[in-house]
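Student: Dropping the structure in here first, questions after.
The values are calculated or read from the model by the stated rules, or taken from the named source; none is laboratory data. Keep in mind the model is a prediction, meaning the values are calculated, not measured. No Cβ is skipped: glycine too gets one built from the backbone with ideal geometry, and neighbour counts run over all protein chains shown.
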Amino acid sequence: MEFLTLVNYYEQLEATTKRLEMRDILIQLFKEAELEEIDKIAYLTLGTLYPAYVGIELGVAEKLAIRALKMVTGFDESKIEELLNKIGDLGQVAENILSQKKSQLVLFTQPLSVLDVYNKLDKVAKMSGEGAIENKVKTLAGLLAQAQPKEAKYIIRLLTGKMRLGVADMTIIDAVSMLFGGTKEAREVFERAYNISSDIGIVVREAKKSGIDGARSIKLSIGRPARPMLAERLSDSKEILEKLGGRGLAEYKYDGERLQIHKNDSDIIIFSRRQENITHQFPDVVERCRSRLRARKAIVECEAVAVEPDTGDMLPFQELMHRRRKYDVEKAAQLYPVSLFFFDALLINDEELLDRPLLERRSILDEIVDKSEDISLTKAIEVSDPEALDRYMLKAVEDGCEGVIVKDISPRSIYTAGARGWLWIKYKRSYVSKLIDTLDLVVIGAFYGKGKRSGKFGTVLVAAYDKSMDMFRSICKVGTGFKDEDFDKLTEMLKQLAVPHKPPRVDSTMVPDVWVMPQLVLEIVGDEITLSPVHTAGFGKIAKDAGLAIRFPRFTGRYRFDKAPEDATTIDEVIEMYKSQLKVIQPKEEVEPT
Ligand code: AMP
């Protein structure tokens, strides 16, 4: 496919914010794409070159792209920067200045193909070491010299990590499911293929090759992370047990970082909850898993919890931040040791375990984990009595955990990769002691601050995730709980995500000073969930003309970089919280227990 054809599709995608229209445009695009390029087209459309777990990112600094533009157009760097400040999008600047330039020049170059562009960008992404910057600038300039102005626009946006078409992985899954299947069952097959591979490229390629059978042929594989199974939440032990058919396994919910560990003999790879390869952050865990996981091959999951080196006491999640560094990781590992609590096995040796019931998976896990002080299974008991569950939850909190996750143990209790469902239910103390618990919300806009905060963002507009429609709907403005350094950090981060119009997949009637792409997840706590005529989260679900909002929202200080926007608190959860807080307020619930 010519790159210009792809660019025309991108222009169509950019012109709509409607999900169904986007899907139809993508269907046409995938119809037209050839087998050898379709995976690359999928990655480019998402603004990347590879699935996240590969860890190769474009993200070229704007400064460098400006130098390449200067080489091709002869425009001064300061002039380009001035235009950038005015227009706010270097891609658009590139298009404008190249069209001025090219009207003077008649170029007889070959049209660029998608593969030409992909391969050049790939080369740039992989350049490192001495002279890499110069080489990048030269390669880019070469590519831009061959590009039509509007091709240059997207090349620059791809390069600087600002593609922003509003297409999400699930929009692509929708399109391939329609194109190669068309039924609800087909959609499940494609979704599962994606959830166990975390690789949209493989899914579209196999689908193009052999339709739904191609998607079925994709298997869980070592080196390729599965998307994690997620939990729902409820605030009442009786209700939890009812949902689970009367009985469940209550496991401590540790406050750490989820690790998906892949072992192939002595090779260990560690993936984060968002499928990034974070092996380098945990050299101690790598060593421990080499010697303590007694299986040749394994894909297992655990929570890594920071512990006090002297006492072994569990520490809060924030302590793990010390590991997010490039250098001196060994030292950080010594200063901030972790304990591992394993809770699931997805594959052992050559056997995929996803469809086995939980207790079977757990007993296999129990056999292969060679336990000691810093490596064990999650603490758990089987419960069928709500009071026993309450007692166990309080014990978990006393022991430094957030609460418990109560898990289905019936024969249907499979591992549902990538899905939040009622097979796992979170039960935290805060649900019963306060009106509302923390929520993980996505920033969709920002307002400029005043006084001390002028020139910086002082307040953010946040949204909850509407899973059924794949949208982000506004729920409140948050301006408290931020420290001075947070304002700097937030302003810096949000400027990178700013867009001139309301982003696709965002639903909000409140208009912020600046819209931002829904990417950053913040942990927010509030006093209550109230009905709101302004916010769009859950609009019409509880009352006809109102949505839901959070009263007195505050930032807890916790940036949830480990969560993708689609992992944010869902609107269904907010509705659930709204309903359960009503229950708490009822007088009979307020009677002191005897
Ligand atoms: P949340 O991040 O609040 O949605 O809660 C789900 C997370 O709890 C998982 O992704 C794990 O990181 C963590 N977790 C802690 N203990 C467990 C456990 N026993 N089973 C499953 N997940 C756990």
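Student: Looking for something in contact with a Ser or Thr (Cβ under 6 Å, 6 or more places away or on another chain), crowded, with 22+ Cβ neighbours inside 10 Å and either outside any loop (DSSP other than H, G, I, E, B) or free of Cβ contacts under 8 Å to residues at least 12 places away in the same chain (or both) - is there at least one such residue anywhere in the range 181-192? Reasoning before the result, please.
Tutor: In the first step, residues of the range 181-192 are kept if they are in contact with a Ser or Thr (Cβ under 6 Å, 6 or more places away or on another chain); the result is 186-187, 190.
Those left that are additionally crowded, with 22+ Cβ neighbours inside 10 Å: 190.
Right, trim to either outside any loop (DSSP other than H, G, I, E, B) or free of Cβ contacts under 8 Å to residues at least 12 places away in the same chain (or both) and you get 190.
Yes, the range 181-192 has at least one match.
Student: Checking ARG224 against (1) more than 16 Å from the ligand (Cβ to nearest atom); (2) buried (at least 20 other Cβ atoms within 10 Å of the Cβ); (3) among the basic types (Lys, Arg); (4) over 19 Å from the mean Cα position of the chain (by Cα), only one condition comes out false. Which one?
Tutor: Only one criterion is unmet by ARG224, namely (4).
Student: Considering only residues that are in contact (Cβ under 8 Å) with a residue 60 or more places away in the chain and part of a helix (DSSP H, G or I), which ones fall in the range 168-180?
Tutor: ASP169, MET170, THR171, ILE172, ASP174, ALA175, VAL176, MET178, LEU179, listed by residue number.
Student: Restricting the search to the range 404-424, which residues are modelled with pLDDT of 90 or more and either away from the ligand (no atom under 12 Å from the Cβ) or of a type in the set (Gly, Ala, Ser) (or both)? Walk me through it before giving the result.
Tutor: Of the range 404-424, the ones modelled with pLDDT of 90 or more are 404-418, 422-424.
If the condition is that a residue be modelled with pLDDT of 90 or more and either away from the ligand (no atom under 12 Å from the Cβ) or of a type in the set (Gly, Ala, Ser) (or both), then ASP408, ILE409, SER410, PRO411, ARG412, SER413, ILE414, THR416, ALA417, GLY418, TRP422 are the ones that fit.
Student: Can you find even one residue in the range 125-134 that is closer than 30 Å to LYS467 by Cα, of a type in the set (Lys, Arg) and within 27 Å of the chain's Cα centre (by Cα)? Spell out the reasoning first.
Tutor: Filtering the range 125-134 for residues closer than 30 Å to LYS467 by Cα gives none.
No - not one qualifying residue is present in the range 125-134.
Student: Identify all residues within the range 559-579 that are within 9 Å of the chain's Cα centre (by Cα) and of a type outside the set (A, V, I, L, M, F, W, C); write none if there are none. Before you say what the answer is, go through the steps one by one.
Tutor: Just the residues of the range 559-579 that are within 9 Å of the chain's Cα centre (by Cα), to begin with: 561-568.
Residues satisfying the conditions are ASP562, LYS563, PRO565, GLU566, ASP567.
Student: Residues of the range 219-235 being of a type outside the set (A, V, I, L, M) and either in a strand (DSSP E or B) or more than 29 Å from ARG290 (Cα to Cα) (or both), which ones? First the steps, then the outcome.
Tutor: Within the range 219-235, the first condition is being of a type outside the set (A, V, I, L, M), and the residues that meet it are 219, 221, 223-225, 227-228, 232-233, 235.
If the condition is that a residue be of a type outside the set (A, V, I, L, M) and either in a strand (DSSP E or B) or more than 29 Å from ARG290 (Cα to Cα) (or both), then SER221, ARG224, GLU232, ARG233, SER235 are the ones that fit.
Student: Which condition breaks for ILE571 when tested against (1) modelled with pLDDT of 95 or more; (2) out of contact with any Phe, Trp or Tyr (no Cβ under 8 Å at 6 or more places or on another chain); (3) among the aliphatic types (A, V, I, L, M)?
Tutor: Single failed check for ILE571: (2).
Student: Determine, yes or no, whether ASP267 is in contact (Cβ under 8 Å) with a residue 12 or more places away in the chain and either within 16 Å of the ligand (Cβ to nearest atom) or charged (D, E, K, R) (or both).
Tutor: Working: in contact (Cβ under 8 Å) with a residue 12 or more places away in the chain: no; either within 16 Å of the ligand (Cβ to nearest atom) or charged (D, E, K, R) (or both): yes.
No.
This table checks each residue for (1) more than 16 Å from the ligand (Cβ to nearest atom); (2) closer than 23 Å to GLN334 by Cβ.
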site: LYS209; (1), (2): yes, no
site: MET229; (1), (2): no, no
site: LEU241; (1), (2): yes, no
site: GLN260; (1), (2): no, no
site: ILE278; (1), (2): no, yes
site: SER291; (1), (2): yes, yes
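Student: Restricting to the range 506-526, give me the number of residues that are assigned to a loop (DSSP other than H, G, I, E, B) and more than 16 Å from THR569 (Cα to Cα).
Tutor: Start the filter on the range 506-526 by keeping residues that are assigned to a loop (DSSP other than H, G, I, E, B), which leaves 508-513, 517-520, 526.
From the residues that got through so far, the ones that are more than 16 Å from THR569 (Cα to Cα) too are 508-513, 517.
Total satisfying the criteria: 7.
Student: Taking interchain pairs and intrachain pairs at least six residues apart, which have beta carbon atoms under 8 angstrom, with the first residue in the range 336-351 and farther than 22 Å from ASP255 by Cα and the second more than 13 Å from the ligand (Cβ to nearest atom) and of a type in the set (Lys, Arg)?
Tutor: Within 8 Å, the pairs are LEU347/LYS297; ILE348/LYS297; ASN349/ARG296; ASN349/LYS297; ASP350/LYS297.
Student: On to the next question. Being touching a Gly at 6+ places or on another chain (Cβ under 6 Å) and of a type in the set (Gly, Ala, Ser) is the filter; apply it to the range 21-63 and report the residue that is surrounded by the most Cβ atoms within 10 Å (Cβ to Cβ).
Tutor: Residue satisfying both the conditions and the ranking: ALA42.
Student: A further question on this structure: Check the range 175-197 and report whether any residue there is outside the structural domain of GLU566 (by TED's automatic domain parsing), within 20 Å of GLU11 (Cα to Cα) and of a type outside the set (Val, Ile, Thr).
Tutor: Within the range 175-197, one or more residues are outside the structural domain of GLU566 (by TED's automatic domain parsing), within 20 Å of GLU11 (Cα to Cα) and of a type outside the set (Val, Ile, Thr).
Student: If you check HIS322, HIS280, which single one turns out to be at pLDDT below 90 and either more than 23 Å from THR378 (Cβ to Cβ) or crowded, with 21+ Cβ neighbours inside 10 Å (or both)?
Tutor: On the way: HIS280 fails: at pLDDT below 90.
Only one candidate passes the filter, namely HIS322.
Student: Now a separate question. Does GLY256 satisfy the criteria of being within 9 Å of the ligand (Cβ to nearest atom) and either in the same structural domain as ALA419 (by TED's automatic domain parsing) or not acidic (Asp, Glu) (or both)? Don't jump to the end; show me each part of the working.
Tutor: On the way: within 9 Å of the ligand (Cβ to nearest atom): yes; either in the same structural domain as ALA419 (by TED's automatic domain parsing) or not acidic (Asp, Glu) (or both): yes.
Spelling it out, GLY256 is indeed within 9 Å of the ligand (Cβ to nearest atom) and either in the same structural domain as ALA419 (by TED's automatic domain parsing) or not acidic (Asp, Glu) (or both).
Student: Conditions first: (1) closer than 11 Å to ILE200 by Cα; (2) assigned to a helix (DSSP H, G or I). TYR50 passes all but one, so which condition is the exception?
Tutor: (2)
Student: Same structure, new question: Which of (1) in contact with a helix residue (DSSP H, G or I) (Cβ under 9 Å, 6 or more places away or on another chain); (2) free of Cβ contacts under 8 Å to residues at least 24 places away in the same chain; (3) not basic (Lys, Arg) is the odd one out, the single condition GLU82 does not satisfy?
Tutor: (1)
Student: Yes or no: the range 440-452 includes at least one residue that is within 12 Å of the ligand (Cβ to nearest atom) and closer than 26 Å to PHE282 by Cβ.
Tutor: Let us first name the residues in the range 440-452 that are within 12 Å of the ligand (Cβ to nearest atom), namely 440.
After this cut, where a residue has to be closer than 26 Å to PHE282 by Cβ as well, the list is 440.
Yes, because at least one residue in the range 440-452 is within 12 Å of the ligand (Cβ to nearest atom) and closer than 26 Å to PHE282 by Cβ.
Student: Note down all Cβ pairs under 6 Å where the first residue falls in the range 446-472 and is farther than 15 Å from PHE539 by Cβ, the second is among the aromatic types (Phe, Trp, Tyr), and they're at least six residues apart or on different chains.
Tutor: ALA446/PHE457; ARG453/PHE487; LYS456/PHE487; THR459/PHE447
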